[in-house]
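Here the structure is laid out as structure tokens; the discussion comes afterwards.
The values are calculated or read from the model by the stated rules, or taken from the named source; none is laboratory data. This one's a predicted model, so the numbers in the text were calculated from it and none came from an experiment. Note: ideal-geometry Cβ built from the backbone for every residue, glycine included; neighbour counts use all protein chains shown.
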Amino acid sequence: MDVAPVLERIVELERMGEDSAIEWTLLGADSPAVALAREGELRDVLLNLAENARLAGAREVGISVERTNDEIQISVTDDGEGIPADVLPRIFEPHFSTRTSGSGLGLAISRRLVDGWGGTIVVESDRGRGTVVRVVLRAART
């Protein structure tokens, strides 16, 4: 599937959302990025990442897609509060959350989906500076 139109729709939805104070940018979606993934599931993963950035108090969120012969990498970068280093190793555990609301399943489900496509999802965060989530998918041969 081509991830570029999915990314465009996600950013469009977020720009129309309740918190219009966030600046959303999208880079690299101007040409096809065909990856091994399921469109609806990828949309759910990306919406979860966007929601996490919003709930982290981000003022700027950037989504980008990069291509190589073998991989499609989607990065979601925010300038929110970041994730404390002692919590970071647990964020993919089911029912783990740093918030009082929500089920704590978003990242656990996201990882399971991405793993099922043969991809990876990794998170880097710096408390007080923000977070980068990278979803690396296998490129489909076109």
Query raised in the report: Which of the residues spanning region 33-52 are over 15 Å from E12 (Cα atoms), among the small types (G, A, S) and buried (at least 17 other Cβ atoms within 10 Å of the Cβ)?
Result: A33, A35, A37
Report summary line: For region 126-142 the number of residues that are in contact with a strand residue (DSSP E or B) (Cβ under 6 Å, 6 or more places away or on another chain), over 9 Å from E81 (Cβ atoms) and either modelled with pLDDT of 90 or more or part of a strand (DSSP E or B) (or both) is 8
Report summary line: Subset of region 1-28, residues farther than 23 Å from G130 by Cα and more than 13 Å from the chain's Cα centre (by Cα), comes to M1, D2, A4, P5, R9
Report task. Say whether the condition of being β-branched (V, I, T) and exposed (fewer than 14 other Cβ atoms within 10 Å of the Cβ) is met by at least one residue in region 1-16. Result -> no
Query - Enumerated strands (runs of 3 or more DSSP E) restricted to region 1-111, each holding at least 1 residues that are among the hydroxyl-bearing types (S, T, Y), in contact (Cβ under 8 Å) with a residue 24 or more places away in the chain and over 20 Å from V122 (Cα atoms) - result: 23-27
Requested in this report: Return yes or no: is E81 surrounded by fewer than 19 Cβ atoms within 10 Å (Cβ to Cβ), closer than 16 Å to V132 by Cβ, of a type in the set (D, E) and under 17 Å from the mean Cα position of the chain (by Cα)?
Outcome: yes
Query raised in the report: Is there a residue in region 63-70 that is surrounded by 17 or more Cβ atoms within 10 Å (Cβ to Cβ) and farther than 22 Å from M16 by Cβ?
Result: yes
